[in-house]
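Read the structure below first, then the notes.
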Amino acid sequence: MSARANSTLFEWLTILCMLVAIGALLLELVGFQGARSALAPGTIMAGLPVGNLAPEQAAALLRTAYGAPVELHYIDQTLLLDPAQISLRLDTDSMLAQAETYRTGANFWSAFWDDLWQRPVSGFNVPLALDYSPAQLRTMLLDTAARYDLAPAAPVADIGTFNISEGRPGYALDVESSMTVIDMALRVPDNRRAALTIAPVSQAAPTMQTLGTLAQDYVRQAGFDGLLSLVVVDLKTGNELSLNPDVAYAGMSIMKVPILIDTYRRLDTDPVLDEINVIEGTIVKSSNVHANILLMELGDGEMQRGAENLTSHLRQLGLQNTFMAGYFDQRDPPPKLNTPANQRTDFNTYPDPYMQTTPADMAVLMTGLYQCASSGGGLLPLVFPGQITQAECAAIVDLLKRNDIATLIEAGVPEGSVVAHKHGFSEGDTIGDAGIVFSPAGDYVLVVYLWREGYLEWQRTAPLVANISRMVYTFFNH
């Protein structure tokens, strides 16, 4: 074949190759042009890969993912939150418009050249555009809380054991914190779960009121049809329980406590042996004769005047319902003394006209005695400065500790416990005990009076006082 023929063949082959290349390039260009109508390769929209998808396809994919319910967990309960419940709306138009700027913003030929050579294209990230009604979400959570929150159980008094339980803790949905957690779950396309925030709610501690309810329920269940008065003072916090505290009762031998306090107030020196014998006889032996001797000393030789002086000093202490109109075992009619307590018409215990008090007054006196003995402060040195000392108050408390009768308040505390108290029993219708109990968890004043019209049997009612004492001790030392 001649050289010219070879040259012509080569030229035609070259032209053919060029035409094929141009055709292939045109096909690539047409394909790229079609692809340019879809979202840019590598585009991530709201956390979902939507590159090379048509806008309508991308919008449908977003609606499917973000329209799925959110799984909410409330402890062991699983709830589903339908986005429609909170008017959730995806702003697909704005997200697609932002994606469109990525597509159209790039140079056509530069993008075609990159596609032709299959060069990797950096992806575009379109953030989620979403809104919903926080008010509707809050309402839904409040409804959830109303259904599933567990209120703490109140302390329960057990009459059989005289114990008061601590109750049971509860829990409650933390709405504001849970809204934040749910908001995060609403903004992801998969794994749409949220553990709601549950806050513990502490159980209510037993209160003095719970103790009062236990005492009232107990005497009622025990068949006691008389009147119970109970005063408890927490000497650490000052918290009080008062049940019928301002009822007038017979003073009984409990009045020997204020006699003893006034005796020490009057003394300028430590008591001598004879005085000690009389003082000990008044409290330890509960001797009325010895108590009258002390009244005589308070009255400068006259028992009646001693009773009047004592009453005056009790008034100075603010004890308006406590008095001695006469002395122990007096036969002559006493002068009539009216007090706020004995003028009440709702309660009438027919108190002894010779000497009366109220549980509230005795609690004030015992509290003042404790404060004076333990710190040198409180009511007694405040009202009678320089007349009664801490050592004298401590001596009185020590004497009251020796009133060992193994019943009433003493019978309700563990063996070995220290109780400083004075008790009384009058005319067969009234029983009382007023004392300071020293316990590991805290000291307290306990004053208990029981009255029943007609006759009140010691054998039946003394255990009631002991069991009330037991429940009070348990309350402080549970």
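The values are calculated or read from the model by the stated rules, or taken from the named source; none is laboratory data. Bear in mind the structure is a predicted one, so any value in this text is a computation, not a measurement. Neighbour counts run over all protein chains shown; Cβ positions are idealised from the backbone, glycine included.
Selection of segment 252-286 for residues being among the hydroxyl-bearing types (Ser, Thr, Tyr) and in contact (Cβ under 8 Å) with a residue 12 or more places away in the chain yields Ser253, Thr263, Tyr264, Thr282, Ser286. Selection over segment 67-101 of residues that are loosely packed, with under 14 Cβ neighbours inside 10 Å, under 38 Å from the mean Cα position of the chain (by Cα) and among the charged types (D, E, K, R) gives a count of 2. Scanning segment 184-211 for residues that are in contact (Cβ under 8 Å) with a residue 24 or more places away in the chain and in a helix (DSSP H, G or I) yields Ala185, Leu186, Met208, Gln209, Thr210, Leu211.
So that you can scan it fast, the table gives a plain yes or no per residue for (1) in contact with a helix residue (DSSP H, G or I) (Cβ under 7 Å, 6 or more places away or on another chain); (2) hydrophobic (A, V, I, L, M, F, W, C):
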site: Asp361; (1), (2): no, no
site: Thr367; (1), (2): no, no
site: Gly376; (1), (2): yes, no
site: Leu399; (1), (2): yes, yes
site: Gly412; (1), (2): yes, no
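Has segment 143-160 got at least one residue that is of a type outside the set (D, E, K, R), within 19 Å of the chain's Cα centre (by Cα) and closer than 30 Å to Leu365 by Cα? Yes; the residues of segment 143-160 include at least one that is of a type outside the set (D, E, K, R), within 19 Å of the chain's Cα centre (by Cα) and closer than 30 Å to Leu365 by Cα. Among the residues of segment 420-430, none qualifies, meaning not one is of a type in the set (Asp, Glu), at negative phi and under 37 Å from the mean Cα position of the chain (by Cα). Scanning segment 235-251 for residues that are in a strand (DSSP E or B) and either outside the structural domain of Leu365 (by TED's automatic domain parsing) or crowded, with 17+ Cβ neighbours inside 10 Å (or both) yields a count of 5.
With a requirement of 1 or more residues that are at pLDDT 90 or above and of a type in the set (Lys, Arg), the helices (runs of 4 or more DSSP H) lying completely within segment 33-120 that satisfy it span 55-66. Residues in segment 356-389 that are within 11 Å of Arg265 (Cα to Cα), in a helix (DSSP H, G or I) and of a type outside the set (A, V, I, L, M, F, W, C): 1 in all. Going by the conditions given, is Val126 more than 24 Å from the chain's Cα centre (by Cα), crowded, with 16+ Cβ neighbours inside 10 Å, at pLDDT below 95 and among the β-branched types (Val, Ile, Thr)? Answer is yes for this residue.
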